[in-house]
Amino acid sequence: GTIVAATTAEGLPRVTVEAFDQDDLLVGATATDEDGAFELPALLPARYRIRIRAEGFNDVWWPAATTIRDAMPLLAPPGQVRDGLDVVLVGQPATLGGQVIAGDAPGMGVVVEAVAVDLLEPLEPRTTTTDADGNWILDALPSPATYRITYRAEGFDAVELTQPVLGGATLAVN
């Protein structure tokens, strides 16, 4: 199967995929490759429940449950490969923040705008203004995503940078 991000439909690398038997015992595990693909080799013919988990994402039990009890048991047929175990993972909200310094002093009143440039469904840019110490924060951002961050202050040229943000990440962008 393949594991992709809900925000971008991009394959997710290094996601853990686990198989549990009918007694809820872990009997096999693997990780996705760089494209989000995985295989669970060497499972005996039986019914299994599959859990998908990764740091910064909500756990999913195949096909889209939140608990083992709600997971759909899956049959591993003898001598065959079971394809099509594709799952969409939802990233936990991300937070971006930082401090702006203008010259030798904190950049008070700088407008900071963040816009996700790779979402399946584009969202309006998020903006905030730095406080008296030049600090800013934007939370509850969809993730994973790539954000274009623009700093604007009167008397200065706008500064723009691009920041990839992993699922559930909290990053300082200075």
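The values are calculated or read from the model by the stated rules, or taken from the named source; none is laboratory data. Quick caveat: nothing in here was measured; it's all calculated off a predicted structure. Neighbour counts run over all protein chains shown; Cβ positions are idealised from the backbone, glycine included. Surface areas here come from the heavy atoms of the whole protein model, side chains and all, with no ligands, DNA or RNA. Shrake-Rupley method; radii C 1.70, N 1.55, O 1.52, S 1.80 Å.
Of all the criteria given as (1) within 21 Å of SER143 (Cβ to Cβ); (2) surrounded by fewer than 18 Cβ atoms within 10 Å (Cβ to Cβ), the one not satisfied by VAL60 is (2).
Please verify whether the stretch 98-107 includes one or more residues that are at pLDDT 95 or above and outside any strand (DSSP E or B). Checked the stretch 98-107: no residue is at pLDDT 95 or above and outside any strand (DSSP E or B). Annotation note: Cβ proximity below 7 Å between a residue of the stretch 1-21 that is at positive phi and open to solvent by 30 Å² or more (accessible area, probe 1.4 Å) and a residue that is part of a loop (DSSP other than H, G, I, E, B) and of a type in the set (Val, Ile, Thr) (sequence gap 6+ or interchain) occurs for ARG14/THR32. Residues of the stretch 66-73 include at least one that is of a type in the set (S, T, N, Q), open to solvent by less than 80 Å² (accessible area, probe 1.4 Å) and free of Cβ contacts under 8 Å to residues at least 24 places away in the same chain. Does ASP33 satisfy the condition of being among the acidic types (Asp, Glu) and within 30 Å of VAL117 (Cα to Cα)? It is true that ASP33 is among the acidic types (Asp, Glu) and within 30 Å of VAL117 (Cα to Cα).
Note on the stretch 25-57: residues that are more than 30 Å from ALA94 (Cα to Cα) and open to solvent by less than 40 Å² (accessible area, probe 1.4 Å) amount to 4.
So in the stretch 114-139, with the set limited to residues that are part of a strand (DSSP E or B) and open to solvent by 40 Å² or more (accessible area, probe 1.4 Å), which one is farthest from VAL159 (Cα to Cα)? Out of the qualifying residues, it is ASP139.
The set of residues in the stretch 140-173 that are assigned to a loop (DSSP other than H, G, I, E, B), closer than 23 Å to LEU12 by Cα and open to solvent by 80 Å² or more (accessible area, probe 1.4 Å) contains only LEU166. In the set (1) open to solvent by 50 Å² or more (accessible area, probe 1.4 Å); (2) under 30 Å from ALA140 (Cβ atoms); (3) of a type outside the set (Lys, Arg), VAL81 fails one condition alone, (2).
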